[in-house]
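*Asks:* The structure that follows is given in the form of structure tokens.
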Amino acid sequence: MEKLYYSERQGRRPETPKLSFDELKRAAKVYLVGIQVEGYFQEGLGHFCVDSGFSPGLIGGDPEIEIRLTLGKSHLWPIAETLDDWSEDDFFDMVEFLCAHVSKPIDRYYHQWDGCGWHCTAFDAEEGRTEFRAKLNRFLGFYDSGFELNRAGEILAIPPTGLERLVAEPLVHHDPDNVTGRIKTALHKFRHHRAAIDERRGAVRDLADVLEFLRPELKRVLASQDEKDLFNIANSFGIRHHRSDQRTDYDQEVWLDWIFYYYLATIHTAIRLIEKHPT
């Protein structure tokens, strides 16, 4: 369990801290440069030796070129020399890139000559990524509205407090293409780093389409008015159609959040009801 310090034990914990972008970069820089020195990027990105020169990693002989080809950017390497100037997009891109190429050294020796440093000969990629995610998520969770680096190595927005289990809880349906697959796509669209309003509206539309697909089965388990009300929200707020009688003057930043998680919770409930009342 996480230790509770004095003020929290007395019920006087200060507000949850928020990191500015500069503070996020400062914290990440200490960690990233530190694990680079420890050898966590040697397997993927290679390393330099004062005796033998550069030894390529799995991505090839030039990390800077590989980063440019992968991310389309040429100013992100070496980490220690460039990180202070990274934009927010640069930072999120590089965290995802480094997560894909980090691995924990499990066998290494220290080359003393001219302070050359650690030479690593065996690695555990899974353990390295687990450690990497845990450390970066501690920083990302306190930045802005909160982000996380998921198991797939993608940075996504953290769901509102209390809805984390709703996002994490798996859904099982006999038609994955039209139900669970579409829900996964909608979640990725909605939670993607700095998703635009159109992307988020599209994600809500995807969930409404899932409910539409489930509609014949829902008619068996819901009263007719309840079933109609589910679709009135999407139709009235300009989510699924484009009509002159729809409301479009609402604060989309706020209301799209509510509609998205309302629909997601409704789908979870609907599938459970359908399972309890099979044909």
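The values are calculated or read from the model by the stated rules, or taken from the named source; none is laboratory data. Since we're looking at a predicted model, the values are computed, not measured. All Cβ positions, glycine included, derive from the backbone under ideal geometry; neighbour counts span all protein chains shown. Heavy atoms of the whole protein, side chains included, go into the accessibility calculation; ligands, DNA and RNA do not. Shrake-Rupley method; radii C 1.70, N 1.55, O 1.52, S 1.80 Å.
*Asks:* Among 82-91, 108-117, what's the highest-first ranking by average C-beta atoms within 10 angstrom per residue?
*Replies:* Listed from highest to lowest mean packing, they are 82-91, 108-117.
*Asks:* Another one. Accessible area per residue, 1.4 Å probe, Å², for the range 88-168: what's the number?
*Replies:* Using a 1.4 Å probe on heavy atoms only, each residue of the range 88-168 averages 53 Å².
*Asks:* Distance check, please: which entries in LYS219/LYS276; LYS73/LYS104; LYS104/LYS189; LYS104/LYS184 exceed 21 angstrom between their Cα atoms?
*Replies:* Over 21 Å apart, Cα to Cα: LYS73/LYS104; LYS104/LYS189; LYS104/LYS184.
*Asks:* Over the range 95-159, with every protein chain in place, what whole percent of the accessible area is carbon and sulfur at 1.4 Å, could you tell me?
*Replies:* About 46 percent, which is the carbon plus sulfur part of the accessible surface.
*Asks:* Using the crude model of +1 on Lys and Arg Cβ and -1 on Asp and Glu Cβ, and no other charge, please compute the dipole size for the chain relative to its Cα centre, in debye to 20.
*Replies:* Charge dipole, the chain, about its Cα centre: 1120 debye, nearest 20.
*Asks:* LYS18: which aspartates and glutamates have alpha carbons under 15 Å from its alpha carbon, excluding same-chain residues fewer than 8 sequence positions away?
*Replies:* Excluding near neighbours in sequence, the set is ASP144, GLU148.
*Asks:* Which number comes out as Rg/Rh for the range 80-226 once both Rg and the Kirkwood Rh are worked out on C-alpha atoms?
*Replies:* Rounded to two decimals, Rg/Rh equals 1.14.
*Asks:* Give me Rg/Rg_expected for the chain, where Rg uses Cα atoms only and Rg_expected = 2.2 N^0.38 Å with N residues.
*Replies:* 1.27
*Asks:* Where does the chain land at 222 nm, in deg cm²/dmol rounded to the nearest 500, when only DSSP H runs of n ≥ 4 count, each adding -39500 (n - 2.57), divided by all residues?
*Replies:* Mean residue ellipticity, 222 nm, calculated: -16500 deg cm²/dmol.
*Asks:* Under a 5 Å amide H to amide H cut-off, with H placed in plane at 1.01 Å, what residues pair with TRP118 once short-range neighbours are removed?
*Replies:* Hits under the 5 Å cutoff: HIS111.
*Asks:* Now for a separate question. Going by average Cβ density within 10 Å per residue, which order do the peptides 23-29, 269-275 take, highest to lowest?
*Replies:* Descending mean neighbour count gives 23-29, 269-275.
*Asks:* Also, quick follow-up: Pick out which of ASP124, ASP62, ASP177 has the largest mean-square fluctuation in a Gaussian network model of the chain, springs linking Cα atoms closer than 10 Å.
*Replies:* Of the options given, ASP177 has the highest mean-square fluctuation.
*Asks:* Taking H placed 1.01 Å from N in the peptide plane, check which residues at least 5 places from TYR143 or on another chain put their amide H under 5 Å from its amide H.
*Replies:* For TYR143, the qualifying residues are LEU19.
*Asks:* Run the paramagnetic zone check for ARG26: 7 angstrom along Cα to Cβ, then residues of the range 70-86 with backbone nitrogen under 18 Å.
*Replies:* Residues passing the 18 Å test: 80-86.
*Asks:* OK, next. Name the residue from THR16, ALA195, TYR40 whose Cα lies farthest towards the positive end of the charge dipole of the chain, charges +1 on Cβ of Lys and Arg and -1 on Cβ of Asp and Glu.
*Replies:* The Cα lying farthest towards the positive end belongs to THR16.
*Asks:* If you don't mind, there's one more thing I want to ask. Of the candidates PRO56, PRO105, PRO216, which one comes out as most mobile in a Gaussian network treatment of the chain with C-alpha springs shorter than 10 Å?
*Replies:* Largest GNM mean-square fluctuation: PRO216.
*Asks:* Tell me, what is the FRET efficiency for GLU127 and ASP85 to the nearest 0.05, using R0 = 41 angstrom and their Cβ-Cβ distance as r?
*Replies:* 0.85
*Asks:* Relative contact order of the chain: what whole-number percent is it, with Cα pairs under 8 angstrom and at least 6 residues apart?
*Replies:* Normalised by residue count, the contact order of the chain is 12 percent.
*Asks:* Follow-up question, since we're still on this one. Where is the GNM fluctuation largest for the chain (alpha-carbon springs, 10 angstrom cutoff): ASP209, ASP175, ASP22?
*Replies:* Per the Cα network of the chain with a 10 Å cutoff, ASP175 tops the list.
*Asks:* Now for a different question. Calculated FRET efficiency, PHE213 and PHE48, Cβ-Cβ r, R0 41 Å, to nearest 0.05?
*Replies:* The computed FRET efficiency comes out at 0.15.
*Asks:* Sum up the charges of everything whose Cβ sits under 11 Å from the Cβ of ALA122, counting Lys and Arg as +1 and Asp and Glu as -1, but leave ALA122 out.
*Replies:* Neighbour charge sum, excluding ALA122 itself: -1.
*Asks:* Output the peptides 182-188, 151-157 sorted from most to least packed, where packing is the average of other Cβ atoms within 10 Å over each peptide's residues.
*Replies:* 182-188, 151-157
*Asks:* If you don't mind, another one. What FRET efficiency, computed as 1/(1 + (r/R0)^6) with R0 = 30 Å and r the Cβ-Cβ distance, is obtained for THR161 and VAL37, rounded to the nearest 0.05?
*Replies:* Efficiency, from the Cβ-Cβ distance: 0.25.
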